[in-house]
Amino acid sequence: MDRILNRILRQVIGRVVNKGIDAGIDHATRGRNGAAPNTEQRGQARGAVRQARGAMRMFRRIGRM
């Protein structure tokens, strides 16, 4: 029972953290005038996030060895 609860909580917390990261990046990429980021900026930011997450996964795998 503990494993099932732990697995569900990890998924929920992961989704919440990802939404928070996306919201923070959107807020940080706004220009000085406070305009919402255009699609190109948003795509670049999300690409950077994907790359950072991939690097974190790789380092975790290396750390297990």
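The values are calculated or read from the model by the stated rules, or taken from the named source; none is laboratory data. Predicted, not measured: the structure shown is a model, and the values here were computed from it. Virtual Cβ from ideal backbone geometry, glycine too; neighbours counted across all protein chains shown. All accessible areas refer to the heavy atoms of the entire protein, side chains included, with ligands and DNA or RNA removed. Shrake-Rupley method; radii C 1.70, N 1.55, O 1.52, S 1.80 Å.
Each row is one residue, and each column tells you yes or no for (1) at pLDDT below 85; (2) open to solvent by 100 Å² or more (accessible area, probe 1.4 Å).
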residue: Arg30; (1), (2): yes, yes
residue: Gly34; (1), (2): yes, no
residue: Glu40; (1), (2): yes, yes
residue: Ala48; (1), (2): no, no
residue: Arg60; (1), (2): no, yes
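Does Ala23 satisfy being in contact with a Ser or Thr (Cβ under 7 Å, 6 or more places away or on another chain), at pLDDT below 90 and assigned to a helix (DSSP H, G or I)?
Working: in contact with a Ser or Thr (Cβ under 7 Å, 6 or more places away or on another chain): no; at pLDDT below 90: yes; assigned to a helix (DSSP H, G or I): yes.
Spelling it out, it is not the case that Ala23 is in contact with a Ser or Thr (Cβ under 7 Å, 6 or more places away or on another chain), at pLDDT below 90 and assigned to a helix (DSSP H, G or I).
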